Each structure stands twice: as C-alpha cells, then as structure tokens.
Amino acid sequence: MAMETDIRRVDILVIGGGVVGCAILRELSRFDVRLALLERNPDICDGTSKSNSAIVHTGFDAPPGTLEARLLAQARDLWPQVIESLHIPYLQTGALMIATSAEELATLESEIIPKAEQNGVTLQPLTREAILDAAPYVSPAILGGVLVEGEGVIDPFWTTRACCEHAVLNGARVFAGEAVTAVTVEDTSVIVHTSGGLTFVASMVINAAGLWSDEVARLAGDSSFTLTPRKGQFIIIEEDHGVSQIILPVPNRISKGILVTPIVFGGVLLGPTAEDVLFKTDFSTTAGGLRQIREGITKLVPVMAEAASVESVRQFAGLRAVSSTGDYIIRPSTVSARLLHVTGIRSTGLSASPAIGRYVGELVRDELGLSPRAHYVEELPEYLAETYPGEGDVICLCRSITRGEILAAMRSPLPPTTLDGLKRRTGVMLGDCQGNLCMPRLVDLFQ
Ligand SMILES: Cc1cc2nc3c(=O)[nH]c(=O)nc-3n(C[C@H](O)[C@H](O)[C@H](O)COP(=O)(O)OP(=O)(O)OC[C@H]3O[C@@H](n4cnc5c(N)ncnc54)[C@H](O)[C@@H]3O)c2cc1C
C-alpha cells in the first residue's frame with residue numbers, strides 16, 4: 001500500500017497526453033485547481049495524435065446533429081485565437097473535393113453540398129476547367145468538384161505540445177512514462193495507481209486515453225463502451241511537386257478516402273487507408289495498403305502516384321478509435337460522475353480539440369464549482385525563440401539548428417526527456433544525415 005506521503009492529491013487528473021487530453025488540460029488550467037496529466041509513453045503525443053492527416057477540418061461532412069458536428073463547428077471559431085496565442089504554424093490551404101465520375105458529381109450535389117450547409121459550411125462548386133486552372137497537377141480526367149475554403153493543415157505534435165506547455169505554464173503538472181494500472185472509485189474521489197508506483201487521489205478524473213480508454217474505463221468497472229482500431233496507412237513524399245491544396249475524393253460510407261495533403265513544414269502526405277484491424281498495436285505498413293494509396297492517388301493527382309513509385313519515400317500508420325456508438329463519447333462513466341470519459345474521437349479529434357477542451361472544461365467547472373485562476377497566462381511565448389548570446393553555433397548542419405534552439409527546448413515548460421523528444425521539438429537528427437553529424441555535438445552539449 002502507498003504511504004500517505006506518496007499520495008498526490010489533485011483536483012483534476014487527466015489520463016492521456018494526446019491532442020484531446022492536452023487540449024482539455026489547457027482549458028482546465030484556466031481554473032484555480034491542482035491539475036495533473038498522466039501519459040504512459042515517455043513523451044506526449046505518441047498515440048493517434050502523432051499519426052494522422054494533420055488537417056484542420058471544417059466539419060462540412062460530419063453527420064449533422066451529432067456531438068462531433070457541433071464541436072467541429074465551435075472549433076472553427078476557436079482556432080484563430082488558439083493558433084495566435086500558442087504560435088502554432090498553420091497553412092490555410094483550402095481543400096478541393098474532386099469528382100471522377102458522373103455518379104460522384106451527382107453525390108456532390110445531392111448529398112455533400114446540402115450536408116455541408118446543414119453543418120454551417122458553404123461549399124463552392126467548381127467546373128473541371130476552374131479546378132485545372134487553379135490546380136494544374138490534378139488529373140485531367142476529372143469531371144468537376146467543390147472548394148472547401150476553410151480547411152487547412154497544422155503540425156499535430158506542435159499543437160499538442162503547445163497546448164500542454166500552456167497548461168504547464170498555468171500550473172498543471174505532467175507525469176510522462178506513467179501508465180494508469182488501477183482505478184478505484186470512491187464516494188467523493190477517484191484513486192489512480194500508475195506503473196511507476198505513483199498514487200493519485202483526484203476529485204475528478206478525465207479518461208482521454210484514446211484507443212485505450214475502454215481499457216481504462218474497465219479498470220474502474222465500467223464496460224459501457226468498446227473501441228476498435230481502424231488503421232490508416234500513409235506515404236510521405238518530400239517534394240511537393242507544386243501541390244498546394246488538400247485534394248480529396250468524394251467520400252464513401254467508411255472513410256473520407258485517400259487524400260493528397262500538403263504538410264505544413266513541406267512535403268506531401270498521401271493516404272490514409274481505412275482498414276479494420278484486430279490489434280491496437282498493429283502499426284504495420286503493408287504492400288497492399290501502399291498499393292491502395294497509389295491507386296487512389298492516380299485518379300486525383302497522377303504526378304504524386306508516380307512520385308510514390310519512384311522517389312525515396314517514408315511510410316507510417318495510425319489507428320483511429322472507432323466507438324461502438326458512432327459519435328464522440330463525452331459523458332460520466334456508469335460507475336461515478338467523478339470519472340468522465342472523453343473518447344471515440346475517431347477521425348476529427350485534432351480539428352475539434354479546442355472545442356472538446358472548452359466543452360469538457362465547462363462540464364468540469366459546473367460539476368466541481370470551479371473559479372478562474374487569478375494569474376492566468378494568456379499567451380505561450382514563441383517556441384525556441386528565447387536564446388542567449390554565445391549560443392548561436394550550429395549543431396545541426398542539415399537544418400541549421402543552433403545550440404541556442406536546443407537549449408531553449410531544454411528550458412521550455414515541457415522539456416524533452418529522450419533524444420526522440422528533442423528531435424520532435426527541434427528537428428535535430430531529422431535532416432539528410434539522420435543524426436550522423438549532429439549526434440556527437442549533441443552528446444558533447446549534454447556532457
Ligand atoms: C489515419 C488517421 C487520419 C486522421 N486524420 C485526421 C485529420 O486530418 N484531422 C483530424 O482532426 N483528425 C484526424 N484523425 C483523428 C485524430 O488523430 C484523433 O481523433 C486524435 O488524435 C485523438 O486524440 P486522443 O488524444 O483522443 O488520442 P491519442 O492521441 O491516442 O492519445 C491518447 C493517449 O493516451 C495514452 N494512454 C493510453 N492508455 C493509457 C494509460 N493506461 N495510462 C496513461 N496514458 C495512456 C496514450 O499513450 C496516448 O498518448 C486521424 C486519425 C487517423 C488514425
């Protein structure tokens with residue numbers, strides 16, 4: 001049993017350091033509370049939040065009337081302020097939905113445009129000629145399409161880290177490398193044990209453990225929902241070949257289809273597939289999946305399909321959390337109002353995260369009667385900008401990253417604890433040399 005001195009008492013404990021958990025942490029840090037987050041991996045944003053298309057969707061195609069559609073609509077209004085106050089790089093690319101058959105053209109008119117209107121998004125119909133004028137890289141075989149002006153791309157890790165750091169700046173504590181292993185619900189509190197031997201007693205626990213949140217719920221004796229993994233494979237192309245907009249097909253009932261998506265820091269993402277798989281640990285990329293991506297892309301942007309065959313490419317896969325309800329699940333557990341599930345956030349969690357955070361923040365505020373924090377810091381300082389004289393020597397030659405930037409990452413509210421964490425924050429070891437040149441300098445720096 002934990003000694004009384006080992007017990008950490010908090011008002012609110014968030015389980016899961018994905019974009020959803022970190023957006024919630026940020027919103028909760030506006031209140032005068034003791035706040036902590038547990039993440040089982042050594043760093044935040046190491047689950048589904050790191051492996052997605054990185055699109056900030058408008059929600060034009062969300063099922064109208066669902067919680068997902070409502071929160072995506074609210075997020076549209078919240079994003080500009082989030083991007084500005086957290087200094088998140090964002091590209092407003094717009095998205096072109098392309099019809100390649102008469103049937104798809106009819107679907108655009110009869111289903112997609114009316115559904116978007118129900119969701120408060122106006123789509124602009126475009127002729128084949130107008131599309132080819134604006135995006136000459138699109139296949140000449142297309143028949144027409146629509147422009148979704150409000151869509152854009154963002155960096156998921158940057159977004160998650162910035163939300164988390166903003167919360168830390170406002171008093172939240174983050175415990176990475178601590179998996180939740182036991183949850184006991186009592187009358188006025190929830191007791192949580194971790195793999196590292198920590199014990200937390202919280203007035204309220206938020207279960208934002210992504211694909212694993214049904215397992216966390218079961219630890220507390222709640223089997224009211226299940227989550228199954230749906231894999232999405234991707235190909236990364238380093239050259240953008242002139243592609244500057246998100247290009248997507250007319251969706252089918254299972255997924256939004258295979259997309260061509262510019263990456264905010266350069267390059268293009270092709271994918272994802274949508275494959276129901278058995279295991280929550282199946283991140284494999286397969287010959288069949290990659291072939292499916294190439295075939296899908298050939299119909300939209302042939303130059304990209306060619307690039308995927310001949311250029312040096314990288315691949316990865318992410319797992320969507322498909323819920324048994326078909327909508328976001330944001331509600332108290334069946335065992336206690338003090339355990340709140342925020343889960344089943346399948347394909348749009350990055351886009352909806354500011355609104356999910358706000359919604360959960362308000363639910364918790366009302367449940368616990370919270371008041372605002374006295375000295376809330378509204379803005380996160382610009383990332384890696386705080387360097388000092390004498391720190392200007394270059395450590396990473398491929399990407400011109402200075403010692404000052406690396407030290408700024410180490411001084412940030414959520415410093416990396418692993419080399420991988422440093423890589424994700426600064427870009428060192430990600431250049432052409434893959435760390436061969438900068439690794440010895442990094443070792444020197446840290447010695
Ligand atoms: C292929 C694909 C494409 C997508 N494209 C987009 C897109 O373009 N735009 C968009 O908005 N959304 C997109 N999504 C959806 C989006 O990525 C998810 O909705 C979002 O990342 C879910 O975030 P999360 O925080 O709920 O889950 P996660 O990011 O998985 O976070 C959950 C965290 O909980 C931790 N955890 C699990 N169990 C425990 C435990 N026992 N103790 C402590 N911690 C635990 C995990 O390690 C993980 O870090 C896509 C998803 C996929 C798979």
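Overview of results
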item	result
Tally of residues being among the hydroxyl-bearing types (Ser, Thr, Tyr), over 12 Å from ILE235 (Cα atoms) and touching a residue at least 12 places away in the same chain (Cβ under 8 Å) across segment 276-291	1
GLY357 under 30 Å from ALA62 (Cα atoms) and either at pLDDT 95 or above or surrounded by fewer than 23 Cβ atoms within 10 Å (Cβ to Cβ) (or both)	yes
Sole residue being within 9 Å of the ligand (Cβ to nearest atom) and either open to solvent by 30 Å² or more (accessible area, probe 1.4 Å) or of a type outside the set (S, T, N, Q) (or both), chosen from ALA220, ALA209, ALA182	ALA209
Residues that are part of a strand (DSSP E or B) and either within 13 Å of the ligand (Cβ to nearest atom) or open to solvent by 30 Å² or more (accessible area, probe 1.4 Å) (or both), drawn from segment 327-340	ILE329, ILE330, ARG331, PRO332
Residue among THR343, THR387, THR426 that alone is within 22 Å of ASP11 (Cα to Cα) and buried (at least 16 other Cβ atoms within 10 Å of the Cβ)	THR343
Which numbered condition VAL138 misses (of (1) closer than 21 Å to VAL303 by Cα; (2) open to solvent by 30 Å² or more (accessible area, probe 1.4 Å))	(2)
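Rundown of residues vs (1) without any contact (Cβ under 8 Å) to a residue 24 or more places away in the chain; (2) touching a Phe, Trp or Tyr at 6+ places or on another chain (Cβ under 6 Å); (3) of a type outside the set (A, V, I, L, M, F, W, C), yes/no style:
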{"position": "SER353", "(1), (2), (3)": "no, no, yes"}
{"position": "GLY357", "(1), (2), (3)": "no, no, yes"}
{"position": "GLY361", "(1), (2), (3)": "no, no, yes"}
{"position": "LEU368", "(1), (2), (3)": "no, no, no"}
{"position": "TYR376", "(1), (2), (3)": "no, no, yes"}
{"position": "GLU382", "(1), (2), (3)": "no, no, yes"}
{"position": "ALA385", "(1), (2), (3)": "yes, no, no"}
{"position": "TYR388", "(1), (2), (3)": "yes, no, yes"}
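The values are calculated or read from the model by the stated rules, or taken from the named source; none is laboratory data. All figures in this text were calculated on a predicted structure; none of them were measured in a lab. Using ideal geometry, Cβ is built from the backbone for each residue, glycine included, and neighbour counts are taken over all protein chains shown. For the accessible areas, the whole protein counts, side chains as well, though only heavy atoms, and no ligand, DNA or RNA atoms are used. Shrake-Rupley method; radii C 1.70, N 1.55, O 1.52, S 1.80 Å.
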